[in-house]
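Throughout, read-outs are computed from the coordinates displayed, never taken from laboratory work. On a predicted model such as this, the values are computed, not experimentally measured, just so you know. Cβ placement follows ideal geometry from the backbone for every residue including glycine, while neighbour counts extend to all protein chains displayed.
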Amino acid sequence: MTQNAARGAHDDTMFVNGRILTMDGAEPTYAEAVVARHGRIEFVGSRADADSQFPAAVVRDLGGNALLPGFIDAHSHMSFGFDLLNQVDVSAPPVGTCTDIASVIAALATFRSERAVPEGGWLIGWGYDQEALAEARHITKLDLDETFPSHRVVLIHVSSHGAVLNSAALQWAGIDASTPTPDGGVIARLDNTDEPAGLLMETAYQRLIADRLPHPDSDERLALLDDVQQMYAARGYTHVQDGFTAVADLDFFRLAADKGLLYLDVVALGSFLEADTWVGNPDYPTAAYDAGFRIAGMKIVYDGSPQGRTAYVTEPYRTGGPGGEAEWSGEPTFPFGHLVATVGKATAAGVQVFAHVNGDAAIDDLIRAVRQNGITADDNRRVVPIHSQFQRADHLDDYVELGISPSYFTNHAYFWGDVHTANIGPDKAAFISPMKAAVDRGLVVSNHTDFTVTPLDPFFTIWTAMSRTTRTGSVLGPDQRVDAYTALQALTTGGAYQMFEEDRKGRIAPGLLADFVVLSADPIEVGVDGVRDIAVLETIKEGVTVFDAATSSA
């Protein structure tokens, strides 16, 4: 369903007769009426005043449903959405159906048959998570080769930081017993040999595999762009992020904007690996939106995945490394000195820094790099640590001092809370994504899905922030649970602040964009047990409906 209505092209519209939660203030505040004009919010207040001041406005009766600001995607990978349409879902419940190695192989075989993939063709699975398999181990090329001797099989790890390849794919990649493991990477080997077992993580995956996998070309992506935007609009998002964007993808999004195809706000975080190409280049401006697209900052990836045991930590994992390494603490992606220089390069160019840091050692290094570049809270740089998972309490004081605003990932509590407890111990695991402690210190935080790592579902994210319940029903860090309003702030006002857009979106207030989501219930009212049952009925971007559940198949 294509939604290409011009932004702001609508009559005065008055929203009434609903739970209008403005998100404007430290406590929940409701309004009786909201009036939108030319893509902006003109009025927020009583119904009587709205009727008096805007007698010609078109009245939208909400029918008792809830109206909130459009959700802000604080961190996901929009560009991955284009690939999903040609890949196999091998994820575990509740996302997919794979629970053991046999079911992963069956999913691949079904896809091969349904798509008539020829020998030598690609079978690429997404959502692969060895921790959720009954065998509790990584799949190897030996598991895959019997069924797929000629097809190239790649199972992309759920963290997006690695993959398992079969023999045909390893041969295509030129990886064999003589291939050295790159610094900051993992190439798992078969027992007592140098033969690659199939698993590659971090730099080994990024340098040898990721950029070479087949992807839709620009024309195919343009054709799929509406479908990908609808993935977000159908879930109430009016602001979308592409969280690690290569220059080629920056060019694609600029092309889409030039063609007028973006009806959501799309922000990109340019890759630090190609900073010399785009930072300071007038062809890649970072200040403002252009037809719905903006380069918001630089993404630095400094360590790996918590569930993949490649996050960089100060004390060794209790369960060893992903390739069987003993006394394993993970590794930074590159030397600390380069982190200092990269933060400095971005800061000098006026480019905001977003840094992927998961382990406490990685967080230590980011704090040191920010401090060595002379950045403090007074500078208002708003450095954003993405994920900030295995965090210590002392980091929060540093965040306050330096003006660092974390983007948390509470979905981890559900999907991998039990895994983290085994890997790093119950006390440390209980403090992952410590939203309550951070908010209590006065920090502004956001919360995200890291799609495609976890589902693009804001209500699931709200629920994990409120409940912190694991797959097995345990509560991971009960003292870090937050109330519904705080969880909603992390999807609205928090994300807006982190993007320096708090005066543009994230609240229902006069002068801000008329970005709204209509929900079947007010998250404040339904309690933690009812949040996951809320449905998006309509998404409105700058006064224009971009998703309507009554007419859409999304």
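Dimensions of the range 351-506 along principal axes (Cα, Å, largest first)?
Here the Cα extents, ordered largest to smallest, are 44, 34, 28 Å.
Can you tally the net charge around LEU339? Count Lys and Arg as +1, Asp and Glu as -1, for every other residue whose Cβ sits under 9 Å from the Cβ of LEU339.
0
Compute the helix-to-body angle for 336-348: its Cα long axis versus the longest principal axis of the chain, expressed 0 to 90° and rounded to tens.
Compared with the principal axis, the helix lies near 30 degrees.
For the range 197-218, list residues with backbone N below 12 Å from a point placed 7 Å from the Cα of ALA248 toward its Cβ?
210-218
To make sure I understand, if each residue's beta carbon is the centre and we count other beta carbons within 10 Å, what order do HIS215, HIS356 fall in, fewest to most?
So the ranking, lowest neighbour count to highest, is HIS215, HIS356.
Using θ = phi - 60° and the Karplus curve 6.51 cos²θ - 1.76 cosθ + 1.60, what whole-Hz ³J(HN,Hα) does each residue of the range 17-33 get, with Gly and Pro shown as x?
Going residue by residue, I get 6, x, 8, 8, 8, 7, 6, 9, x, 6, 10, x, 10, 10, 10, 7, 8 Hz, with x marking Gly and Pro.
Give the long-range amide H neighbours of HIS157: residues separated by 5 or more places, or on another chain, with amide H under 5 Å away, using H modelled in the peptide plane at 1.01 Å from N.
The list, which skips near neighbours in sequence, is GLY162, ALA163, VAL164.
Taking the Cβ of TRP416 as the center, what net charge do the other residues with Cβ under 11 Å away carry, scoring Lys and Arg +1 and Asp and Glu -1?
Residues close to TRP416 contribute a combined charge of -1.
Once the mean 1/r over all distinct Cα pairs of the chain is inverted, what Kirkwood radius in angstroms do you read off?
Evaluated on the chain, it is 24.1 Å.
I want to check a number: in the chain, how many lysine pairs have alpha carbons closer than 23 Å, given a sequence separation of 8 or more or different chains? Mind dumping the intermediate values first?
Working: LYS259/LYS541; LYS299/LYS345; LYS299/LYS505; LYS428/LYS436; LYS505/LYS541.
Final tally of qualifying lysine pairs is 5.
Applying 1/(1 + (r/R0)^6) with R0 = 25 Å to the Cβ-Cβ distance of VAL58 and ALA26, what FRET efficiency is obtained, to the nearest 0.05?
It comes to 0.15.
Once all Cα-Cα distances of the range 314-406 are split into 10 Å bins that start at 0, what whole-number percent is in each one?
16, 48, 26, 10, 1
Could you give the length gained by full extension between ASP49 and ASP276, i.e. 0.36 nm per residue of separation minus their alpha carbon distance, to one decimal place?
Between ASP49 and ASP276, full extension yields 76.3 nm more.
Evaluate E = 1/(1 + (r/R0)^6) for LEU85 and LEU190, where r is the Cβ-Cβ distance and R0 equals 35 Å; express this FRET efficiency to the nearest 0.05.
It comes to 0.55.
Could I have the simple spin-label model distance between ALA177 and ASP529, label points 7 Å from Cα toward Cβ, reported in nm to one decimal?
6.0 nm
Whole-Hz ³J(HN,Hα) for each residue in the range 246-251, computed from phi via Karplus 6.51 cos²θ - 1.76 cosθ + 1.60 with θ = phi - 60°, x for glycine and proline: what do you get?
5, 4, 4, 6, 4, 5
Bin width 10 Å, origin at 0, all Cα-Cα pairs of the range 2-134: what percent of pairs per bin?
Result returned by the calculation: 10, 25, 18, 14, 19, 12, 2, 0.
Once Lys and Arg get +1 and Asp and Glu get -1 on their Cβ, which of PRO214, SER271, GLY236 lies farthest toward the positive end of the dipole of the chain?
GLY236
Mind jotting down the distance between the C-alpha centroids of the range 175-211 and the range 367-431, whole Å?
Using only Cα atoms to place each centre, the spacing works out to 29 Å.
Which of LEU262, PHE451, THR469 sits farthest toward the positive end of the charge dipole of the chain, with +1 on the Cβ of Lys and Arg and -1 on the Cβ of Asp and Glu?
Highest projection toward the positive end goes to LEU262.
Tell me which residues come under 5 Å, amide H to amide H, from ARG382 once H is placed; ignore anything under 5 positions away on its chain.
none
Which of VAL279, VAL117 comes first, and how do the rest follow, when ranked by fewest Cβ neighbours within 10 Å? Spell out each step's value before the answer.
Details: VAL279 20, VAL117 16.
With the sparsest Cβ surroundings first, the list reads VAL117, VAL279.
Within 10 Å of each residue's Cβ, count the other Cβ atoms and sort SER329, SER91, SER467, SER52 from fewest upward.
SER52, SER329, SER467, SER91
If you plug each phi of the range 288-296 into the Karplus form 6.51 cos²θ - 1.76 cosθ + 1.60 with θ = phi - 60°, what whole-Hz ³J(HN,Hα) values come out, in order, with x for Gly and Pro?
9, 6, 10, 6, x, 10, 8, 8, 8
I'd like the orientation of helix 101-114 relative to the chain: the angle between its Cα long axis and the longest Cα principal axis, in ° from 0 to 90, rounded to 10.
The helix 101-114 is inclined about 70 degrees to the chain.
By how many degrees, 0 to 90 and rounded to 10, does the Cα axis of helix 360-372 deviate from the longest principal axis of the chain?
Taking the Cα atoms of the chain, the angle to 360-372 is about 60 degrees.
If the label point is 7 Å along Cα→Cβ of THR97, which residues in the range 156-193 have backbone nitrogen under 12 Å from it?
none
Tell me which residues come under 5 Å, amide H to amide H, from ASP242 once H is placed; ignore anything under 5 positions away on its chain.
MET78, VAL267, ALA268, LEU269
Ignoring GluC sites (Glu not before Pro) that are buried or in helix or strand per DSSP, and keeping those with at most 13 other beta carbon atoms within 10 Å, what is the longest stretch of the chain between them?
Here the longest segment lacking exposed loop sites spans 328-554.
For q = 0.10, 0.14, 0.19, 0.20 Å⁻¹, what log10 I(q)/I(0) does the range 87-212 give under the Debye formula with an equal point scatterer on each alpha carbon and no solvent?
With one equal scatterer per Cα and no solvent, log10 I(q)/I(0) is -0.27, -0.54, -1.02, -1.13.
If you consider only alpha-carbon coordinates, what radius of gyration and Dmax does the range 218-498 have, in Å?
Reported Rg and Dmax, both Å: 18.5, 53.
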